[in-house]
Amino acid sequence: MSQWADEHRMLPREAASEPGQWRTSRMPFLRAIMDDLSVHSPVTEVGLKKSTQVGGTEVALNFLCYVIDHAPGPGMYVLPTLPVARNFSEQRVQPMIDLMPVLASKIGAKRSRDSGNTTLMKKFPAGFWTLAGANSANSLASMPIKWLVLDELAKYPSDVDDQGDAGTQAVRRTSSFTTRKKIFRVSSPTIKDACAISDDYESGSMGTYHVPCPHCLQRQVLEIDQLTDDGQFVCTSCGKLIDEKHKAWMLRERGHSEDGLAEWVHQHPERKKRTYHVWAAYAGVGLGYTWREIAELRKEARDNPEKQVTFHNTILGEAYEGASQRVEAAEVQQRAGKWLRRTIPRGCLVLIGSVDVQANRFSLAVWGFGRGESAWMIDTVELPGDPTRKEDWRQVEDYFTQPIINACGIAMRAERVAVDSGNWTKEVYDFVRPRQPQGYIAVKGMRMQDHPLIARPKKDDSTKRGKVDKRGIKRWNVGVSTAKTTLMQRLMKDGELQPGQYPRFHFPADLELDFYKQLTAERFDLIAKRWILAKGVRNEELDKLVYAYAIACSPMVRIHVMREADWASLEAKLEPVNDDLFAASRPSAAAPSDPSATDIARSSAASLAAAQPTPPKPQPAARRRGGFATNW
């Protein structure tokens, strides 16, 4: 593909700092990436984690042109949003087509009748390129795709129309072509632990470009720590300073230039997916920032967190990990009480259940709440099962049917049970729908930062006539970011309490460390202003707490607005003081009863009963007078 690009690719004046004929020699490190995308290469997936101004998008456009002229077939070019895709087509793709006769002869004039050349569709003999937006599931849902470009992958939404992340949806379109497909992922990184291009890079061969020192000829990777404040690199081998005037020679590739020594070195050459990383220091002379400019940008970013993010993403081509807030699992575990799971301590007056549905199991929890929104972890369990099998759901219902005895010997059950419907939506709805009168609720986590803790329910069922079924399923949307911020702040504050102060969270003694790791799995990035979950880390316990707390604050329970009189009424029912008052007056089973003590107990009970106010007798409802028209 690199040879085809050197012969045919033209750079339009509207979008290039050096318009005219494409020359791979200006950025030799792009040659291997382009050749992996050629039809002769056995590589099917290529990834480029990059900074700006290093030619990543130009490689994608070279691939687009190469397919049209040399390897026609169905292709898709995905950008973060549909408006971005339209602008990209008008400002980058169409001018390039108009400038290259090899493409113009295969694609009709734009907007001419039946030309097949529209803003988002470029048809050519035996193939097409469609431009799609990652924010639209409809634009991603097309016919099978052989050639796929995912540009600015790190900026794609994590979930599109409840169908998963956009990158995965697009990749599914290539499944029909197995070993004949090509997938090119290219992007600048974003935030660590939430960056798709960084994850893609680490799952591949992890290639870095090694360039020679002009003094000792030792090959090495250019690292930001080697760059001095005056814009020179320090050789890791001989220690001498390398001036930027040597840059053009240093970039010359081994095997493609007589005196070239630079080459790609892959950390995992055995992996089939080829992934590369290149940053601004490698940009061709005159095509990007100079080394001195990079040093000045680093100096400006040192004391400015927002500039640090930009510097890491756009200059270093690395995901940024800045200041963040998180709760340590081992620290929370040390706050556990002396009671055990499935026991309810005093003060816990409301129980809420929650269910996180996984592909091969149901993760269940019961949380308790009391005055001041204090929370108790009552029980957590995982039940193996297939959510697509109705019989496996019975164990979920059986679990929440079992009573839990509180400190006063009174049986309690979960008042409401929140079931996550984000995945396996149909199966969750089928389970919850007939059990709504028993307190089962379908919930879904919403990731928007400003989403309220819990919103008004959405009615998802419809009648045969297509109207909303008022008696059908109701789905409650939960603002997970809002809930996590509140709950994690309380967990942190509990760690700052002085001896004798009452915590907001209470945990039993027999919970494993894994529970606390899942509960504290996410960290809040202070720059990105969002909660981030590291790849491969489970957070089911946190999700179950979020859903239980949201339902506890819903209009059905309302623990956040309950008055002291409400709590006192619940307390009287669930933790009656009379139970302890008469326990000492009851005779022991091993000793004969004392008649005098029995009389005293009876008189005390009679006096207390007499002191209770007699409830008023219900009055019969007044008979309505008049007919329908009068009352109306």
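Here are a few things to note about the model shown:
- In order along region 284-293, the phi-based Karplus estimate (6.51 cos²θ - 1.76 cosθ + 1.60, θ = phi - 60°) of 3J(HN,Hα) comes to x, 4, x, 10, x, 5, 6, 5, 5, 5 Hz; Gly and Pro are listed as x.
- 23, 274, 219, reordered so the largest accessible area comes first (probe 1.4 Å): 23, 219, 274
- Antiparallel bridge percentage (DSSP; both residues within the chain; nearest 5): 50 percent
- Using a probe radius of 1.4 angstrom, the carbon and sulfur fraction of the accessible surface of region 201-261 is 44%.
- P(r) tail for region 279-360: Cα pairs beyond 21 Å make up 62% of the total.
- Convex hull volume per residue, computed on the Cα atoms of region 133-284, equals 147 Å³.
- Cα gyration tensor shape of region 178-261, rounded if a/c is under 1.5, else prolate or oblate by comparing a/b with b/c: oblate
- Extension gain for the segment residue 175 to residue 15, taken as residue separation times 0.36 nm less the Cα-Cα distance, is 54.2 nm to one decimal.
- Nonlocal amide H pairs with residue 341, under 5 Å, H built at 1.01 Å: 509, 510
- Straight-distance candidates among the lysines for linking to residue 245, with alpha-carbon spacing under 24 Å and chain neighbours fewer than 8 residues away dropped: 50, 299.
- Peptides 383-391, 199-207 ordered by average Cβ neighbours within 10 Å, highest first: 199-207, 383-391
- Residue 358 long-range amide H proximity, modeled H, under 5 Å: 363
- Distance from region 310-330 to region 21-60 (C-alpha centre basis), Å: 28 Å
- Label-to-label distance, residue 109 versus residue 435, with points set 7 angstrom from Cα along the beta-carbon direction: 6.6 nm.
- When the P(r) is computed for region 327-455, the part past 23 Å accounts for 39% of the Cα-Cα pairs.
- Taking 0.36 nm per residue of sequence separation and removing the Cα-Cα distance, the residue 530/residue 40 pair yields an extension gain of 172.1 nm.
- In region 272-426, Cα pairs under 8 Å separated by at least six residues give a relative contact order of 18 percent.
- Euclidean distance of C-alpha centroids, region 145-209 and region 237-286, integer Å: 25 Å
- Protein heavy-atom surface of region 291-335, 1.4 angstrom probe: 41% of the accessible area is carbon and sulfur, with nucleic acids and ligands not counted.
- Per the chain, cysteines lacking a partner by the 4.7 Å Cβ criterion: 65, 195, 348, 408, 553
- Computed with a 1.4 Å probe on the full set of protein chains, the accessible area for residue 400 sits at about 20 Å².
- Cα convex hull of region 43-141 - mean projected area over all directions, nm²: 7.1 nm²
- Computed over region 1-71, the P(r) curve from all C-alpha pair distances, binned at 10 Å from the origin, holds 19, 58, 22, 1 percent per bin.
- Relative to the longest principal axis of the Cα atoms of the chain, helix 480-494 runs at roughly 70 degrees.
- Partner aspartates and glutamates for residue 192 [C-alpha distance under 16 Å; skip if fewer than 8 residues away on the same chain]: 152, 200, 202, 306, 318, 321, 522, 525
- Per residue, the chain reaches -8000 deg cm²/dmol at 222 nm when only DSSP H runs of four or more residues are counted, each adding -39500 (n - 2.57).
- Cα-Cα over 19 Å, subset of 459/484; 49/273; 146/273; 444/544; 470/544: 459/484; 470/544
- Rounded accessible area of residue 430 (nearest 10 Å², 1.4 Å probe): 60 Å²
- Per residue, the accessible area of region 187-287 comes to 45 Å², computed with a 1.4 Å probe over protein heavy atoms only.
- Rounded to the nearest 0.05, the FRET efficiency derived from the C-beta distance between residue 343 and residue 86 at R0 = 60 Å is 0.50.
- Whole-percent carbon and sulfur share, accessible surface of region 439-512, 1.4 Å: 48 percent
- Just so you know, the averaged projected area of the alpha carbon convex hull for the chain sits at 44.8 nm².
- Sequence ranges 9-19, 437-447, ranked by mean other-Cβ count within 10 angstrom, highest first: 437-447, 9-19
- Over region 170-266, relative contact order from alpha-carbon pairs under 8 Å, at least 6 apart, %: 22 percent
- Residues of type aspartates and glutamates that residue 338 reaches as a straight line, Cα spacing below 15 Å, ignoring anything fewer than 8 places off in the same chain: 379, 510, 512
- The value of relative contact order for region 120-214, using C-alpha pairs under 8 Å at least six residues apart, is 25 percent.
The values are calculated or read from the model by the stated rules, or taken from the named source; none is laboratory data. As the structure is a computational prediction, the values presented were derived from the model and not from experiment. Neighbour counts run over all protein chains shown; Cβ positions are idealised from the backbone, glycine included. Quick note on the areas: whole protein, heavy atoms, side chains included, nothing else; ligands and nucleic acids left out. Shrake-Rupley method; radii C 1.70, N 1.55, O 1.52, S 1.80 Å.
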